[in-house]
């Protein structure tokens, strides 16, 4: 589906008298990116841009407007869309999820399932459900199920779903790695039946490492 004409102008009208920096503070997006969305182009490359569903959710919260309405105007949903809010997928079996511009990809151990983004009429409900199943956002549009983590390579920021670190993996952003470092260590230790060992130093402070229990 095509983004409605004048969508950028519509976003600018939603912002109203709110400054770009205030909008950035409320949404968690950069003020430069918000302005690019209003102009419908990347001012550095002059390429046309379209906000992702995740970005639209942030704007809907910041501007106090229906997320579904933004999804319709951005071209992700048909105005007559009546499809159920979420696909029937057992999230307990999903290792990680990728959100694309038009599709959601659910990765399992030996397979993956793709669903149309139109299924996410209630995006906030979808995020709540991910949180209930211990999914954490580790990079832009990438969510990992902490219950499936088996190995953590800190230097590379890689998260593996097998003990040997030879199978599927995802890479965390530096910001998310810093935020979830201890939580990931605890999750890997719990999933593998190992324990955490804490070290204390004057210069380094507290640090943790996983040790095997034999």
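Going from the fewest other Cβ atoms within 10 Å to the most, the residues 178, 129, 73 appear in the order 178, 129, 73.
The alpha carbons of segment 7-73 stretch over 30, 25, 19 Å along the principal axes, in descending order. Panel values: segment 91-200, Kirkwood radius from alpha carbon pairs, Stokes-Einstein at 4 °C and 1.567 mPa s, translational diffusion coefficient 89 µm²/s. Were the residues from residue 45 through residue 158 laid out at 0.36 nm apart, the gain over their Cα-Cα distance would be 37.6 nm.
Which whole-number percentage describes the relative contact order of segment 7-73, with Cα contacts under 8 Å and a sequence gap of 6 or more? Normalised by residue count, the contact order of segment 7-73 is 29 percent.
Note on 172, 134: ascending count of other Cβ atoms within 10 Å places them as 134, 172, the fewest first.
For segment 91-200, the relative contact order works out to 18 percent when only alpha carbon pairs closer than 8 Å and six or more residues apart are counted.
Once the Cβ-Cβ distance between residue 131 and residue 5 is put in as r, and R0 is 25 Å, what FRET efficiency do you end up with, to the nearest 0.05? Step by step, r from the Cβ atoms, then E = 0.10. Going by Cα centres, segment 144-180 and segment 60-76 are how many Å apart? Spelled out, the Cα-based centre of one part sits 32 Å from the other. Using the Cβ-Cβ distance between residue 166 and residue 61 with R0 set to 35 Å, the FRET efficiency from 1/(1 + (r/R0)^6) comes to roughly 0.30.
Laboratory data are not the source of any read-out in this text; all were calculated from the coordinates shown. As the structure is a prediction and not an experimental result, all values here were calculated from the model. Reconstructed Cβ throughout: ideal geometry from the backbone, glycine too, with neighbour counts over all protein chains shown.
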